[in-house]
Every structure is written in C-alpha cells, then in structure tokens.
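Peer 1: Here you go, one structure.
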C-alpha cells in the first residue's frame, strides 16, 4: 500500500490528452513539492516534472504538472505511442521522515 | 552530462550482506550540492527509497530499512556504496543509484543509473 495514491492505469488515443492523479495528505503533497517520473519498459525512471510543475531541460512541453492542496496531477498532451510507460509521483513525507512514491500508473496509448 | 552506473553481485544468499557500488561520471560527488541515493524496485512493483549520502559522509536512511542499511562514499573514486545486511527473498529487487536534489520542501531525483537486479536465493 503506497502512501501516495495513483490510478493503476489510464489510456487514451494517440494525439489525445491524459491526466494522471496523485493523492496524498498534508504531511506529504500538502506541504512539499511533487516530482513525476516516467519509466519506459525495461529502463530506469526518468525525471519528468519537479517542484510541482517545472520541466527539466529536454522534457517537451507536452508534459505538465500541477498541484492543488493534497493532490497533484501530471498532464500529457499530444499522446504518442512512445509515451506508453509507467508514471510515478514522489515527494517527501514530513511525518514519516521518508521519501514516498505513488504505486505507479501504467499509461496505454490505444 | 552526469552518469551513474551500479555494479555488484547479482545473486546474494539469504542472511548475507548485499553490497553494491555506484560510479559517478560527468560530475564530482565532492563538489557538493547534491545527495547520492539508493532506490529499489521489487519485481513488477513501485519505487522504494533506501537512503542517501552527502559528500561529507552525512547519511540518512529510510526508517523502514534503517536497521540494515549502510551507505558510504569514496570521493577519491567518485563512488558511493550500499550495504544491506541480513537479506531475505523480500530484498530481491532492481537497485538504482540516483542523484538527489533537496531544498526547502523541494526534492527530486534527476539522474539515475540503469539499475541492477539483485536476487536473494540460496
């Protein structure tokens, strides 16, 4: 059972938009910044979003992040088959004094 | 471009100690400003943070693994290492090393190694 809650899977057609939610509490998302990671099959996770909504150099603006209260959302527009991957949210939990991640969401581009 | 590479045995016997090393290139651990972490992923499961070390040798471990984890650094070799004692089958996972950025409320892993699968089995 992960501290942060993500839907197990989402799907959408190529070219469409999808959002992935990440729900937490005041001890984690509510008072700390959220990061998002993309894990393509058989590879290491890759940083997509940090500080809730900032993109590292080289990450296309099709990827966006937002946060409201104790929830965060990853948005992906103009879906491509190459976006099929597992996506994880992560943050610091001040009560647990631990890094926490969501359970991951598998994106299928139909 | 910072690169990280894990190395170590892929098979460890139950009750023994797992030992992995992460070699960093394209950047110096000694330059400071970043934390150097270990993260693992059980087969088909999500991510679990193990702990970090700073170039000074300061460490912090996840409370869930704290009693069995030791992370050390060798700045002369630009490497840091993980020791996990008394392993069981539940420690079978892909182990990643990563560079971690921490600031006031901000926290993320921006560079990752490719990962190494460690299987605990007799």
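Rule-based calculations on the coordinates, nothing more; no lab input. Values in this document were obtained by computation on a predicted structure and should not be read as measured data. Counting neighbours? That spans all protein chains shown, and the Cβs are built from the backbone with ideal geometry, glycine included.
Peer 1: Tell me which residues, restricted to the range B:44-82, are in a loop (DSSP other than H, G, I, E, B) and within 14 Å of chain A (Cβ to nearest Cβ).
Peer 2: Residues of the range B:44-82 that are in a loop (DSSP other than H, G, I, E, B), as a first pass: B:44-46, B:54-58, B:62-65, B:75-78.
Those that are in a loop (DSSP other than H, G, I, E, B) and within 14 Å of chain A (Cβ to nearest Cβ): B:44, B:45, B:46, B:62, B:63, B:64, B:65.
Peer 1: OK, next. Under the condition of being surrounded by 14 or more Cβ atoms within 10 Å (Cβ to Cβ) and more than 11 Å from the chain's Cα centre (by Cα), which residue from the range B:4-14 is farthest from residue B:92 (Cα to Cα)?
Peer 2: By that ranking, first place goes to B:8.
Peer 1: From B:121, B:81, B:56, B:85, grab the single residue that is farther than 20 Å from residue A:104 by Cα, within 15 Å of the chain's Cα centre (by Cα) and surrounded by fewer than 17 Cβ atoms within 10 Å (Cβ to Cβ). Before the answer, list the steps.
Peer 2: Working: B:121 fails: within 15 Å of the chain's Cα centre (by Cα); B:81 fails: surrounded by fewer than 17 Cβ atoms within 10 Å (Cβ to Cβ); B:56 fails: within 15 Å of the chain's Cα centre (by Cα).
When all the criteria are applied, what remains is B:85.
Peer 1: For the range A:38-53: of the residues being facing chain B (nearest Cβ under 9 Å) and either in a strand (DSSP E or B) or over 13 Å from residue A:72 (Cβ atoms) (or both), which is farthest from the chain's Cα centre (by Cα)?
Peer 2: A:43
Peer 1: Please go through the range B:15-43 and give me each residue that is part of a loop (DSSP other than H, G, I, E, B) and farther than 21 Å from residue B:94 by Cβ, ordered by number. Talk me through it step by step, then tell me what you get.
Peer 2: Step one: of the range B:15-43, the residues part of a loop (DSSP other than H, G, I, E, B) are B:15-17, B:26-28, B:32-34, B:42-43.
Listed by number, the residues that qualify are B:15, B:26, B:27, B:28, B:32, B:33, B:34.
Peer 1: Working only within the range A:71-80, note down all residues that are in contact with a helix residue (DSSP H, G or I) (Cβ under 9 Å, 6 or more places away or on another chain) and either within 14 Å of chain B (Cβ to nearest Cβ) or without any contact (Cβ under 8 Å) to a residue 12 or more places away in the chain (or both).
Peer 2: We begin by selecting, within the range A:71-80, every residue in contact with a helix residue (DSSP H, G or I) (Cβ under 9 Å, 6 or more places away or on another chain); these are A:71-72, A:76.
Hit for the range A:71-80 is A:72, nothing else.
Peer 1: Something else now. Answer yes if at least one residue in the range A:81-91 is crowded, with 18+ Cβ neighbours inside 10 Å, over 10 Å from the mean Cα position of the chain (by Cα) and facing another protein chain (nearest Cβ under 10 Å), and no otherwise.
Peer 2: Yes, the range A:81-91 contains at least one residue that is crowded, with 18+ Cβ neighbours inside 10 Å, over 10 Å from the mean Cα position of the chain (by Cα) and facing another protein chain (nearest Cβ under 10 Å).
Peer 1: So, one more: Within the range B:97-109, can you find the residues that are free of Cβ contacts under 8 Å to residues at least 24 places away in the same chain and either surrounded by fewer than 17 Cβ atoms within 10 Å (Cβ to Cβ) or more than 7 Å from chain A (Cβ to nearest Cβ) (or both)?
Peer 2: Here is the first cut: in the range B:97-109, the residues free of Cβ contacts under 8 Å to residues at least 24 places away in the same chain are B:103-108.
B:103, B:104, B:105, listed by residue number.
Peer 1: Report yes if residue A:97 is surrounded by fewer than 18 Cβ atoms within 10 Å (Cβ to Cβ) and within 23 Å of residue B:64 (Cα to Cα), otherwise no.
Peer 2: Working: surrounded by fewer than 18 Cβ atoms within 10 Å (Cβ to Cβ): yes; within 23 Å of residue B:64 (Cα to Cα): yes.
Yes.
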